[in-house]
Amino acid sequence: MDVASLQQCAGRTAAAPPHPLDPLSSPEVAAAAAACRAHAAAAAPRLPPLRFNTITLQEPPKADLLRFTNGRGPRPPRRAFCILQTPPIFGVIEATIDLSHFHAAGAAAAAVVSWVAIDGNDMGGQPLATPDDCLEAERIARASPRVQAVLAERGVSMDQVACDPWAIHAGKWKGRMMQVFTYLKLGPDDNEYARPLDVVPVVDLNTGQVVDIEAYPEAPKNIPTAGGNYHRDLVEQPFREAPKPLYVVQPEGPSFKVDGWRVEWQQWDLRLGFNGREGLVLYDVGYTDPQEGGRRRPVVFRASIVEMAVPYADPSSPYNRKCAFDAGDYGLGFAANSLKLGCDCLGVVQYFDAVVNNAQGEPVVIPSAVCLHEEDAGLLWKHVDYRTGYSEDRRARRLVISFIMTAVNYEYCFYWYLHQDGTISHEIKLTGILSTSLLMPGEGDKSRYGTMVAEGVNAAAHQHIFSARLDMAVDDEDGGRGLVVSELNAVRHPSHPLTNPAGNAFTESETDLITVHAARRQSSAADARVWRVKNPARPHPFTRKPVAYHLYTPGGPVLLAAEDSVVARRGKFTTATLHVTPYKDGQL
Ligand SMILES: [Cu+2]
(Lines give C-alpha, C1' and ligand atoms only; values in the text may rest on other atoms or scores of the structure.)
Protein backbone atom coordinates (compact mmCIF):
# COMPACT_ATOMS: atom_id res chain seq x y z
CA MET A 1 0.00 0.00 0.00
CA ASP A 2 1.47 3.34 -0.94
CA VAL A 3 1.33 6.50 1.09
CA ALA A 4 -1.49 8.05 -0.95
CA SER A 5 -3.84 5.13 -0.36
CA LEU A 6 -2.88 5.02 3.31
CA GLN A 7 -3.97 8.63 3.53
CA GLN A 8 -7.30 7.75 1.95
CA CYS A 9 -7.75 4.85 4.38
CA ALA A 10 -7.17 7.18 7.26
CA GLY A 11 -9.55 9.72 5.75
CA ARG A 12 -6.98 12.47 6.12
CA THR A 13 -5.52 15.03 3.82
CA ALA A 14 -1.79 15.41 3.62
CA ALA A 15 -0.89 18.45 5.70
CA ALA A 16 2.42 20.18 5.24
CA PRO A 17 4.95 18.39 7.42
CA PRO A 18 6.07 20.33 10.47
CA HIS A 19 9.33 22.24 10.39
CA PRO A 20 12.09 20.02 11.84
CA LEU A 21 12.33 22.30 14.88
CA ASP A 22 8.59 22.59 15.59
CA PRO A 23 7.80 21.15 19.01
CA LEU A 24 5.92 17.85 19.03
CA SER A 25 2.18 18.27 18.55
CA SER A 26 -0.38 16.52 20.74
CA PRO A 27 -0.99 13.77 18.14
CA GLU A 28 2.77 13.25 17.83
CA VAL A 29 3.17 12.89 21.61
CA ALA A 30 0.32 10.37 21.67
CA ALA A 31 1.78 8.47 18.70
CA ALA A 32 5.23 8.31 20.31
CA ALA A 33 3.71 6.96 23.53
CA ALA A 34 1.70 4.35 21.61
CA ALA A 35 4.85 3.24 19.76
CA CYS A 36 6.68 2.85 23.10
CA ARG A 37 3.84 0.78 24.54
CA ALA A 38 3.64 -1.43 21.46
CA HIS A 39 7.40 -1.97 21.54
CA ALA A 40 7.39 -2.80 25.26
CA ALA A 41 4.49 -5.24 24.83
CA ALA A 42 6.24 -7.04 21.97
CA ALA A 43 9.85 -6.95 23.15
CA ALA A 44 9.54 -7.10 26.93
CA PRO A 45 6.06 -8.34 27.86
CA ARG A 46 7.04 -8.96 31.49
CA LEU A 47 8.15 -5.37 32.03
CA PRO A 48 5.97 -3.44 34.52
CA PRO A 49 3.74 -0.79 32.87
CA LEU A 50 5.58 2.15 31.34
CA ARG A 51 5.60 5.43 33.22
CA PHE A 52 6.30 8.28 30.83
CA ASN A 53 8.74 10.84 32.13
CA THR A 54 9.45 12.90 29.01
CA ILE A 55 8.24 12.80 25.41
CA THR A 56 9.91 15.55 23.43
CA LEU A 57 11.29 16.50 20.04
CA GLN A 58 14.66 14.98 19.28
CA GLU A 59 16.24 17.83 17.42
CA PRO A 60 17.99 16.71 14.23
CA PRO A 61 21.79 16.69 14.22
CA LYS A 62 22.94 20.24 13.54
CA ALA A 63 24.71 19.40 10.27
CA ASP A 64 21.60 17.65 8.86
CA LEU A 65 19.39 20.51 9.93
CA LEU A 66 21.66 23.11 8.29
CA ARG A 67 21.82 21.10 5.06
CA PHE A 68 18.02 21.03 4.98
CA THR A 69 17.40 24.66 5.93
CA ASN A 70 20.09 25.86 3.50
CA GLY A 71 18.49 23.82 0.70
CA ARG A 72 21.42 21.42 0.34
CA GLY A 73 19.96 18.28 1.83
CA PRO A 74 16.84 16.25 2.53
CA ARG A 75 14.35 16.88 5.29
CA PRO A 76 15.82 15.23 8.40
CA PRO A 77 13.81 12.41 10.00
CA ARG A 78 11.30 13.66 12.55
CA ARG A 79 11.93 11.95 15.85
CA ALA A 80 10.65 11.93 19.39
CA PHE A 81 12.94 11.28 22.36
CA CYS A 82 11.26 9.50 25.26
CA ILE A 83 12.45 8.89 28.81
CA LEU A 84 10.49 5.99 30.27
CA GLN A 85 10.40 4.38 33.67
CA THR A 86 9.09 1.04 34.85
CA PRO A 87 8.66 1.34 38.61
CA PRO A 88 9.49 -0.39 40.89
CA ILE A 89 12.56 -1.05 38.71
CA PHE A 90 15.22 1.59 39.44
CA GLY A 91 16.36 2.88 36.08
CA VAL A 92 15.16 4.40 32.82
CA ILE A 93 14.63 3.48 29.20
CA GLU A 94 15.63 6.02 26.59
CA ALA A 95 13.62 5.45 23.42
CA THR A 96 13.77 7.21 20.08
CA ILE A 97 10.65 7.13 17.92
CA ASP A 98 10.57 7.93 14.23
CA LEU A 99 7.58 10.12 13.31
CA SER A 100 8.70 10.94 9.76
CA HIS A 101 5.78 9.11 8.15
CA PHE A 102 3.27 9.81 10.88
CA HIS A 103 1.82 12.89 9.19
CA ALA A 104 1.17 11.09 5.95
CA ALA A 105 0.42 7.61 7.21
CA GLY A 106 -0.98 7.95 10.75
CA ALA A 107 -0.05 6.64 14.17
CA ALA A 108 0.79 3.13 12.97
CA ALA A 109 3.76 4.64 11.14
CA ALA A 110 5.43 5.77 14.38
CA ALA A 111 8.24 3.31 14.97
CA VAL A 112 10.82 2.73 17.68
CA VAL A 113 14.30 3.24 16.25
CA SER A 114 16.25 2.86 19.48
CA TRP A 115 15.47 1.48 22.93
CA VAL A 116 18.19 1.65 25.57
CA ALA A 117 17.66 0.49 29.15
CA ILE A 118 19.91 2.13 31.76
CA ASP A 119 20.24 0.66 35.24
CA GLY A 120 19.48 3.21 37.96
CA ASN A 121 22.73 2.39 39.75
CA ASP A 122 24.69 3.31 36.61
CA MET A 123 22.89 6.55 35.84
CA GLY A 124 24.72 8.89 38.20
CA GLY A 125 21.60 11.02 38.13
CA GLN A 126 17.86 10.98 37.76
CA PRO A 127 15.40 12.08 35.16
CA LEU A 128 13.53 15.15 36.30
CA ALA A 129 10.51 14.94 38.58
CA THR A 130 7.50 15.69 36.41
CA PRO A 131 4.37 17.32 37.82
CA ASP A 132 2.93 13.79 38.14
CA ASP A 133 6.04 12.66 40.04
CA CYS A 134 5.72 15.60 42.45
CA LEU A 135 2.09 14.74 43.12
CA GLU A 136 3.12 11.11 43.63
CA ALA A 137 5.79 12.12 46.19
CA GLU A 138 3.16 14.08 48.07
CA ARG A 139 0.70 11.17 47.91
CA ILE A 140 3.30 8.74 49.31
CA ALA A 141 4.15 11.07 52.20
CA ARG A 142 0.50 11.74 53.03
CA ALA A 143 -0.46 8.07 53.01
CA SER A 144 2.26 7.09 55.49
CA PRO A 145 0.94 6.25 59.00
CA ARG A 146 4.45 7.01 60.34
CA VAL A 147 4.39 10.51 58.89
CA GLN A 148 0.87 10.99 60.20
CA ALA A 149 2.00 9.90 63.68
CA VAL A 150 4.94 12.35 63.77
CA LEU A 151 2.62 15.14 62.69
CA ALA A 152 0.05 14.12 65.33
CA GLU A 153 2.76 14.60 68.00
CA ARG A 154 2.79 18.21 66.82
CA GLY A 155 -0.98 18.48 67.06
CA VAL A 156 -1.28 18.63 63.29
CA SER A 157 -3.50 16.43 61.15
CA MET A 158 -2.59 15.53 57.59
CA ASP A 159 -5.46 17.55 56.11
CA GLN A 160 -3.79 20.67 57.56
CA VAL A 161 -0.46 19.98 55.87
CA ALA A 162 1.03 21.17 52.59
CA CYS A 163 3.84 19.03 51.19
CA ASP A 164 6.58 20.50 48.96
CA PRO A 165 8.50 17.79 47.11
CA TRP A 166 12.17 18.57 46.41
CA ALA A 167 14.78 16.52 44.62
CA ILE A 168 17.67 15.19 46.72
CA HIS A 169 21.18 15.60 45.37
CA ALA A 170 23.00 13.93 48.25
CA GLY A 171 22.04 11.49 50.93
CA LYS A 172 22.45 7.99 52.25
CA TRP A 173 19.61 6.56 50.15
CA LYS A 174 19.65 4.78 46.82
CA GLY A 175 16.60 5.02 44.65
CA ARG A 176 14.39 7.67 43.17
CA MET A 177 14.27 9.85 46.25
CA MET A 178 12.45 13.05 46.99
CA GLN A 179 12.38 14.98 50.25
CA VAL A 180 9.08 16.49 51.25
CA PHE A 181 9.12 19.75 53.23
CA THR A 182 5.94 20.22 55.24
CA TYR A 183 3.97 23.29 56.25
CA LEU A 184 0.82 23.96 58.21
CA LYS A 185 -1.89 25.13 55.80
CA LEU A 186 -5.11 26.20 57.46
CA GLY A 187 -7.34 26.30 54.41
CA PRO A 188 -7.10 25.78 50.66
CA ASP A 189 -5.84 29.33 50.01
CA ASP A 190 -3.81 29.83 53.20
CA ASN A 191 -0.11 30.69 52.71
CA GLU A 192 1.64 27.66 54.16
CA TYR A 193 5.10 29.26 54.07
CA ALA A 194 4.09 31.36 57.09
CA ARG A 195 3.97 28.16 59.16
CA PRO A 196 6.80 25.76 58.36
CA LEU A 197 6.88 22.42 60.17
CA ASP A 198 10.02 20.52 61.15
CA VAL A 199 8.88 17.21 59.63
CA VAL A 200 10.65 16.16 56.42
CA PRO A 201 9.75 12.72 55.06
CA VAL A 202 12.00 11.18 52.41
CA VAL A 203 10.13 9.09 49.84
CA ASP A 204 11.17 6.67 47.10
CA LEU A 205 9.08 7.23 43.98
CA ASN A 206 9.98 3.80 42.62
CA THR A 207 8.83 1.76 45.59
CA GLY A 208 6.15 4.15 46.81
CA GLN A 209 7.61 4.00 50.34
CA VAL A 210 8.58 6.57 52.95
CA VAL A 211 12.18 5.57 53.70
CA ASP A 212 13.00 8.15 56.36
CA ILE A 213 11.41 10.90 58.41
CA GLU A 214 13.55 13.73 59.65
CA ALA A 215 12.22 15.97 62.41
CA TYR A 216 13.46 17.90 65.41
CA PRO A 217 14.10 15.50 68.34
CA GLU A 218 11.22 16.98 70.29
CA ALA A 219 7.96 18.21 68.85
CA PRO A 220 8.36 21.99 68.65
CA LYS A 221 5.88 24.03 70.68
CA ASN A 222 6.48 27.17 68.65
CA ILE A 223 4.72 26.43 65.38
CA PRO A 224 3.83 29.94 64.23
CA THR A 225 0.24 31.01 64.60
CA ALA A 226 0.45 34.24 62.62
CA GLY A 227 -0.65 34.15 59.01
CA GLY A 228 1.04 35.75 56.04
CA ASN A 229 -1.53 35.59 53.32
CA TYR A 230 -1.47 36.84 49.76
CA HIS A 231 -4.86 35.59 48.55
CA ARG A 232 -6.92 38.73 48.04
CA ASP A 233 -9.78 37.38 50.16
CA LEU A 234 -7.44 36.65 53.07
CA VAL A 235 -5.19 39.71 53.11
CA GLU A 236 -5.76 41.50 56.41
CA GLN A 237 -4.25 44.88 55.48
CA PRO A 238 -6.28 47.11 53.17
CA PHE A 239 -4.92 47.37 49.62
CA ARG A 240 -3.31 50.66 48.65
CA GLU A 241 -5.31 52.83 46.28
CA ALA A 242 -4.87 51.45 42.75
CA PRO A 243 -3.31 53.74 40.15
CA LYS A 244 -5.59 55.05 37.40
CA PRO A 245 -5.99 52.91 34.26
CA LEU A 246 -3.13 52.72 31.76
CA TYR A 247 -3.94 51.28 28.35
CA VAL A 248 -1.56 49.85 25.78
CA VAL A 249 -3.29 50.40 22.46
CA GLN A 250 -2.05 49.20 19.06
CA PRO A 251 -4.88 50.27 16.74
CA GLU A 252 -3.11 48.95 13.62
CA GLY A 253 -2.11 45.68 15.26
CA PRO A 254 1.36 44.48 16.14
CA SER A 255 4.45 44.90 13.96
CA PHE A 256 5.39 41.24 14.15
CA LYS A 257 4.35 38.51 11.75
CA VAL A 258 3.82 34.95 12.90
CA ASP A 259 3.67 31.83 10.76
CA GLY A 260 3.44 28.70 12.89
CA TRP A 261 6.45 28.92 15.19
CA ARG A 262 8.29 31.38 12.92
CA VAL A 263 8.38 35.05 13.89
CA GLU A 264 9.43 38.17 11.97
CA TRP A 265 9.86 41.62 13.44
CA GLN A 266 11.89 44.74 12.56
CA GLN A 267 14.57 43.00 10.45
CA TRP A 268 14.67 40.07 12.89
CA ASP A 269 13.41 36.59 12.16
CA LEU A 270 13.58 33.47 14.28
CA ARG A 271 11.82 30.25 15.19
CA LEU A 272 10.41 29.46 18.61
CA GLY A 273 10.35 26.06 20.26
CA PHE A 274 9.29 24.65 23.59
CA ASN A 275 10.09 21.54 25.59
CA GLY A 276 9.46 20.22 29.08
CA ARG A 277 12.97 20.69 30.36
CA GLU A 278 14.02 24.10 29.00
CA GLY A 279 10.65 25.64 28.27
CA LEU A 280 11.13 28.28 25.58
CA VAL A 281 13.88 27.84 22.97
CA LEU A 282 14.94 30.35 20.31
CA TYR A 283 16.26 28.91 17.05
CA ASP A 284 17.99 30.38 14.04
CA VAL A 285 17.79 34.02 15.02
CA GLY A 286 18.79 36.24 12.10
CA TYR A 287 18.86 39.91 11.22
CA THR A 288 18.31 41.16 7.68
CA ASP A 289 20.73 44.03 7.37
CA PRO A 290 19.75 46.90 5.05
CA GLN A 291 23.31 48.21 5.32
CA GLU A 292 24.55 44.92 3.87
CA GLY A 293 22.26 45.07 0.88
CA GLY A 294 19.47 43.21 2.62
CA ARG A 295 21.62 40.18 3.43
CA ARG A 296 20.24 38.00 6.22
CA ARG A 297 22.90 37.73 8.90
CA PRO A 298 22.53 34.71 11.20
CA VAL A 299 23.08 35.72 14.83
CA VAL A 300 22.17 32.79 17.09
CA PHE A 301 21.67 29.16 16.10
CA ARG A 302 20.00 28.14 19.37
CA ALA A 303 19.45 29.84 22.72
CA SER A 304 17.72 28.77 25.91
CA ILE A 305 18.02 28.67 29.67
CA VAL A 306 19.20 25.10 30.21
CA GLU A 307 19.67 24.94 33.95
CA MET A 308 19.55 26.87 37.16
CA ALA A 309 20.80 26.14 40.65
CA VAL A 310 19.27 27.42 43.87
CA PRO A 311 21.59 26.31 46.69
CA TYR A 312 20.63 27.25 50.27
CA ALA A 313 23.07 28.28 53.01
CA ASP A 314 21.63 26.66 56.17
CA PRO A 315 24.25 24.08 57.31
CA SER A 316 21.89 22.08 59.56
CA SER A 317 20.27 18.83 58.48
CA PRO A 318 17.96 18.35 56.61
CA TYR A 319 18.08 21.92 55.26
CA ASN A 320 21.67 21.51 54.09
CA ARG A 321 20.18 19.26 51.38
CA LYS A 322 18.11 22.14 50.07
CA CYS A 323 19.28 22.85 46.56
CA ALA A 324 17.05 22.97 43.52
CA PHE A 325 18.19 22.55 39.94
CA ASP A 326 14.84 23.70 38.64
CA ALA A 327 15.34 22.78 34.98
CA GLY A 328 16.87 19.38 35.68
CA ASP A 329 14.78 18.69 38.79
CA TYR A 330 11.34 19.78 37.62
CA GLY A 331 11.54 21.07 34.04
CA LEU A 332 11.04 24.75 33.28
CA GLY A 333 8.54 23.79 30.56
CA PHE A 334 6.64 21.12 32.48
CA ALA A 335 5.88 23.72 35.15
CA ALA A 336 5.05 26.58 32.75
CA ASN A 337 2.07 28.81 33.51
CA SER A 338 -0.90 29.55 31.27
CA LEU A 339 -0.53 33.30 30.76
CA LYS A 340 -3.35 35.81 31.06
CA LEU A 341 -3.75 38.94 28.98
CA GLY A 342 -3.76 42.11 31.07
CA CYS A 343 -2.00 40.38 33.98
CA ASP A 344 1.10 38.67 32.64
CA CYS A 345 1.38 40.64 29.40
CA LEU A 346 -0.05 43.87 27.99
CA GLY A 347 -0.77 45.01 24.46
CA VAL A 348 -1.51 43.02 21.33
CA VAL A 349 -0.27 39.60 22.30
CA GLN A 350 0.32 36.43 20.34
CA TYR A 351 0.26 33.36 22.54
CA PHE A 352 1.68 29.95 21.76
CA ASP A 353 0.29 26.81 23.36
CA ALA A 354 2.86 24.31 24.63
CA VAL A 355 2.52 20.54 24.63
CA VAL A 356 4.18 18.35 27.24
CA ASN A 357 3.18 14.90 28.50
CA ASN A 358 1.87 13.22 31.61
CA ALA A 359 2.91 9.94 33.24
CA GLN A 360 0.45 8.00 31.06
CA GLY A 361 2.09 9.34 27.92
CA GLU A 362 -0.88 11.54 27.10
CA PRO A 363 -0.30 15.00 25.66
CA VAL A 364 -0.83 17.84 28.12
CA VAL A 365 -1.53 21.20 26.51
CA ILE A 366 -0.47 24.31 28.42
CA PRO A 367 -2.59 27.00 26.75
CA SER A 368 -0.84 30.34 26.18
CA ALA A 369 2.47 29.17 27.63
CA VAL A 370 4.60 31.51 25.52
CA CYS A 371 3.82 35.17 25.02
CA LEU A 372 5.02 37.29 22.10
CA HIS A 373 4.42 41.01 22.25
CA GLU A 374 6.00 44.40 21.64
CA GLU A 375 6.89 46.95 24.27
CA ASP A 376 7.83 50.57 24.19
CA ALA A 377 11.41 50.56 25.47
CA GLY A 378 12.01 54.21 26.23
CA LEU A 379 14.41 56.30 24.24
CA LEU A 380 16.59 54.57 21.64
CA TRP A 381 18.61 57.57 20.43
CA LYS A 382 18.53 61.34 20.66
CA HIS A 383 20.61 64.33 19.72
CA VAL A 384 20.07 68.06 20.08
CA ASP A 385 22.16 70.56 18.13
CA TYR A 386 22.55 72.95 21.03
CA ARG A 387 23.38 75.81 18.67
CA THR A 388 20.12 75.66 16.74
CA GLY A 389 18.03 73.78 19.26
CA TYR A 390 17.16 71.24 16.55
CA SER A 391 16.38 67.87 18.07
CA GLU A 392 16.07 64.39 16.60
CA ASP A 393 15.02 61.41 18.61
CA ARG A 394 13.99 57.81 18.03
CA ARG A 395 11.69 55.93 20.32
CA ALA A 396 12.73 52.33 21.01
CA ARG A 397 10.51 49.32 20.59
CA ARG A 398 11.47 45.85 21.68
CA LEU A 399 10.07 42.42 20.93
CA VAL A 400 9.42 40.37 24.05
CA ILE A 401 9.24 36.58 24.01
CA SER A 402 8.48 35.20 27.43
CA PHE A 403 7.21 32.41 29.62
CA ILE A 404 6.70 31.99 33.35
CA MET A 405 7.05 28.83 35.39
CA THR A 406 6.16 27.92 38.95
CA ALA A 407 8.82 26.00 40.88
CA VAL A 408 6.82 25.05 43.99
CA ASN A 409 7.17 28.30 46.00
CA TYR A 410 8.78 30.48 43.35
CA GLU A 411 7.78 31.95 40.03
CA TYR A 412 10.49 32.44 37.43
CA CYS A 413 9.63 34.79 34.56
CA PHE A 414 11.92 34.48 31.53
CA TYR A 415 12.05 37.29 28.96
CA TRP A 416 14.03 37.33 25.74
CA TYR A 417 14.22 40.81 24.21
CA LEU A 418 15.11 41.60 20.61
CA HIS A 419 16.07 45.24 20.15
CA GLN A 420 16.05 47.38 17.03
CA ASP A 421 19.81 48.01 17.27
CA GLY A 422 20.63 44.31 16.90
CA THR A 423 21.01 43.66 20.62
CA ILE A 424 19.54 40.54 22.20
CA SER A 425 19.05 40.55 25.95
CA HIS A 426 17.57 38.26 28.53
CA GLU A 427 15.90 39.15 31.79
CA ILE A 428 14.73 36.82 34.53
CA LYS A 429 12.27 38.10 37.09
CA LEU A 430 11.99 36.09 40.27
CA THR A 431 8.83 36.30 42.30
CA GLY A 432 6.56 34.11 44.39
CA ILE A 433 7.23 33.25 48.04
CA LEU A 434 10.38 32.40 49.99
CA SER A 435 10.83 28.78 51.02
CA THR A 436 10.93 28.86 54.83
CA SER A 437 11.91 26.65 57.74
CA LEU A 438 11.02 26.58 61.43
CA LEU A 439 13.46 27.94 64.02
CA MET A 440 13.53 26.07 67.32
CA PRO A 441 13.38 28.25 70.45
CA GLY A 442 16.88 29.61 71.03
CA GLU A 443 17.81 28.90 67.44
CA GLY A 444 17.48 32.53 66.44
CA ASP A 445 21.24 32.49 65.83
CA LYS A 446 20.66 30.21 62.85
CA SER A 447 19.04 33.08 61.07
CA ARG A 448 22.57 34.31 60.32
CA TYR A 449 22.31 31.83 57.44
CA GLY A 450 19.19 33.61 56.39
CA THR A 451 16.64 36.17 57.48
CA MET A 452 14.01 35.76 60.16
CA VAL A 453 10.93 36.78 58.20
CA ALA A 454 8.40 36.19 61.01
CA GLU A 455 8.59 34.99 64.62
CA GLY A 456 10.24 31.56 64.45
CA VAL A 457 10.33 31.52 60.64
CA ASN A 458 13.66 31.46 58.85
CA ALA A 459 14.15 32.15 55.17
CA ALA A 460 17.57 30.67 54.46
CA ALA A 461 19.99 32.69 52.36
CA HIS A 462 20.44 31.22 48.92
CA GLN A 463 21.57 31.96 45.39
CA HIS A 464 19.80 31.74 42.05
CA ILE A 465 22.34 30.85 39.37
CA PHE A 466 21.14 30.46 35.79
CA SER A 467 22.80 28.81 32.83
CA ALA A 468 22.04 30.36 29.45
CA ARG A 469 23.24 28.13 26.63
CA LEU A 470 24.03 30.22 23.57
CA ASP A 471 25.00 28.51 20.33
CA MET A 472 26.05 31.59 18.39
CA ALA A 473 26.10 31.92 14.61
CA VAL A 474 27.49 35.50 14.18
CA ASP A 475 27.21 35.99 10.45
CA ASP A 476 27.85 32.39 9.46
CA GLU A 477 25.20 30.60 7.38
CA ASP A 478 26.40 27.23 8.61
CA GLY A 479 25.62 27.64 12.27
CA GLY A 480 28.74 29.42 13.53
CA ARG A 481 31.74 27.58 12.07
CA GLY A 482 35.12 28.95 13.12
CA LEU A 483 33.84 31.43 15.67
CA VAL A 484 36.38 32.54 18.27
CA VAL A 485 35.54 33.76 21.77
CA SER A 486 37.84 36.29 23.38
CA GLU A 487 37.93 38.23 26.63
CA LEU A 488 38.24 41.99 26.78
CA ASN A 489 39.56 43.82 29.83
CA ALA A 490 40.21 47.50 30.41
CA VAL A 491 43.92 48.19 30.89
CA ARG A 492 45.26 51.17 32.85
CA HIS A 493 48.55 52.57 31.61
CA PRO A 494 51.06 54.09 34.02
CA SER A 495 52.27 57.61 33.35
CA HIS A 496 55.34 57.71 31.17
CA PRO A 497 57.29 60.80 30.10
CA LEU A 498 57.23 59.76 26.44
CA THR A 499 54.19 57.53 25.85
CA ASN A 500 51.73 58.72 28.49
CA PRO A 501 52.93 62.07 29.82
CA ALA A 502 49.54 63.15 31.24
CA GLY A 503 48.73 59.69 32.62
CA ASN A 504 45.34 59.62 30.93
CA ALA A 505 45.90 56.63 28.65
CA PHE A 506 43.97 53.40 28.86
CA THR A 507 43.27 50.67 26.34
CA GLU A 508 41.59 47.31 26.21
CA SER A 509 43.29 43.97 26.09
CA GLU A 510 41.91 41.09 24.08
CA THR A 511 42.74 37.47 24.83
CA ASP A 512 41.41 34.62 22.72
CA LEU A 513 40.04 31.80 24.86
CA ILE A 514 41.55 28.87 23.02
CA THR A 515 40.83 25.85 25.21
CA VAL A 516 37.84 24.73 27.25
CA HIS A 517 40.01 25.11 30.35
CA ALA A 518 41.10 28.65 29.45
CA ALA A 519 37.50 29.53 28.64
CA ARG A 520 36.23 29.06 32.21
CA ARG A 521 36.09 32.71 33.20
CA GLN A 522 34.68 34.92 35.97
CA SER A 523 32.96 38.23 35.47
CA SER A 524 34.78 41.36 36.61
CA ALA A 525 32.97 44.67 36.63
CA ALA A 526 36.14 46.41 37.87
CA ASP A 527 37.90 45.45 34.63
CA ALA A 528 34.88 46.30 32.42
CA ARG A 529 35.18 42.65 31.36
CA VAL A 530 33.12 41.46 28.41
CA TRP A 531 33.43 38.50 26.12
CA ARG A 532 33.46 38.76 22.36
CA VAL A 533 32.09 36.11 20.02
CA LYS A 534 33.72 36.88 16.69
CA ASN A 535 33.70 35.54 13.18
CA PRO A 536 37.21 35.86 11.68
CA ALA A 537 35.83 34.98 8.24
CA ARG A 538 33.77 38.19 8.19
CA PRO A 539 35.85 41.34 8.60
CA HIS A 540 34.04 44.59 9.31
CA PRO A 541 34.07 46.80 6.17
CA PHE A 542 36.39 49.50 7.55
CA THR A 543 37.86 48.37 10.88
CA ARG A 544 38.79 45.05 9.21
CA LYS A 545 38.22 43.43 12.60
CA PRO A 546 36.04 40.30 12.71
CA VAL A 547 32.35 41.08 13.12
CA ALA A 548 31.28 40.10 16.61
CA TYR A 549 28.71 40.11 19.36
CA HIS A 550 29.68 41.08 22.90
CA LEU A 551 28.40 39.08 25.83
CA TYR A 552 27.60 41.19 28.89
CA THR A 553 26.91 39.25 32.08
CA PRO A 554 25.55 40.49 35.38
CA GLY A 555 28.04 40.88 38.20
CA GLY A 556 27.63 39.08 41.47
CA PRO A 557 29.39 36.03 42.81
CA VAL A 558 29.47 32.58 41.28
CA LEU A 559 28.59 29.68 43.58
CA LEU A 560 29.21 30.55 47.25
CA ALA A 561 29.02 26.95 48.49
CA ALA A 562 32.35 25.20 49.07
CA GLU A 563 34.27 23.64 46.18
CA ASP A 564 33.64 20.13 47.52
CA SER A 565 29.91 20.73 48.07
CA VAL A 566 27.38 18.62 46.23
CA VAL A 567 26.12 21.57 44.25
CA ALA A 568 29.65 22.48 43.07
CA ARG A 569 30.24 18.92 41.90
CA ARG A 570 26.80 18.44 40.33
CA GLY A 571 26.42 21.89 38.90
CA LYS A 572 29.88 22.70 37.54
CA PHE A 573 28.30 25.52 35.56
CA THR A 574 27.73 27.45 38.80
CA THR A 575 31.46 27.80 39.46
CA ALA A 576 32.28 30.20 36.61
CA THR A 577 30.47 32.99 34.80
CA LEU A 578 31.50 31.83 31.33
CA HIS A 579 32.18 28.41 29.90
CA VAL A 580 32.98 28.04 26.21
CA THR A 581 32.82 24.52 24.82
CA PRO A 582 32.75 23.10 21.29
CA TYR A 583 29.34 22.23 19.88
CA LYS A 584 28.32 18.61 20.25
CA ASP A 585 25.05 17.08 19.04
CA GLY A 586 22.86 15.71 21.81
CA GLN A 587 24.63 17.75 24.49
CA LEU A 588 21.58 19.72 25.48
CU1 LIG B 1 15.25 33.02 46.21
* Between Ser338 and Ser157, 0.36 nm times their residue separation minus their Cα-Cα distance comes to what? -> 61.9 nm
* **Efficiency of FRET from Cβ geometry, Glu94 and Ala562, R₀ 35 Å, rounded to 0.05** => 0.55
* **Between the range 168-186 and the range 20-74, the alpha-carbon center distance in angstrom** => 32
* Asked: If ligands, DNA and RNA are left out, what is the accessible area of Cys371 with a 1.4 Å probe, given in Å² to the nearest 10?
  -> 0
* Structure fact -> In nm, the gap between the two label points placed 7 Å beyond Cα toward Cβ at Ser255 and Asp189 is 4.1
* **Amide N proximity, the range 194-237 versus Gln148 label position 7 Å along Cα-to-Cβ, cut-off under 19 Å** => 199-204, 208-214
* At R0 = 30 Å, FRET efficiency that the Cβ-Cβ distance of Asp376 and Ala461 yields, to 0.05 -> 0.25
* To do: Could you tell me the distance between the Cα centroids of the range 111-154 and the range 526-570, to the nearest Å?
  => 38
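Kyte-Doolittle cut-off 0.0, length cut-off 20 Å along the helix's own axis using Cα: show which whole DSSP H helices in the chain pass.
Flagged H segments are 26-43.
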* Asked: Between Glu362 and Ala313, 0.36 nm times their residue separation minus their Cα-Cα distance comes to what?
  -> 13.7 nm
* Relative contact order [Cα under 8 Å, 6+ residues apart], the range 504-584, whole percent -> 33
* To do: Kindly state, to the nearest 0.05, the FRET efficiency for Asp289 paired with Lys221, given R0 = 60 Å and r defined as their beta-carbon distance.
  => 0.30
* Using 7 Å Cα-to-Cβ label points, what is the Val235/Leu488 separation (nm, one decimal)? -> 4.5
* Could you tell me the distance between the Cα centroids of the range 273-288 and the range 301-339, to the nearest Å? => 20
* **Pairs from Lys382/Lys534; Lys172/Lys446; Lys185/Lys221 whose Cα-Cα separation, in the structure shown, is over 19 Å** => Lys382/Lys534; Lys172/Lys446
* Per residue of the range 566-576, in order, report the coupling 6.51 cos²θ - 1.76 cosθ + 1.60 (Karplus, θ = phi - 60°) as ³J(HN,Hα) in whole Hz, putting x for Gly and Pro. => 4, 5, 5, 6, 6, x, 3, 4, 6, 8, 8
* Structure fact -> The long-range amide H neighbours of Arg78, using H built 1.01 Å from N in the peptide plane and a cut-off of under 5 Å, are Leu99, Ser100
* To do: Pop a pseudo-label 7 angstrom from the Cα along the beta-carbon direction at both Val384 and Arg569 and give the gap in nm to one decimal.
  => 6.2
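The values are calculated or read from the model by the stated rules, or taken from the named source; none is laboratory data. This is a predicted model, so every value here is computed, not measured. Note: ideal-geometry Cβ built from the backbone for every residue, glycine included; neighbour counts use all protein chains shown. All accessible areas refer to the heavy atoms of the entire protein, side chains included, with ligands and DNA or RNA removed. Shrake-Rupley method; radii C 1.70, N 1.55, O 1.52, S 1.80 Å.
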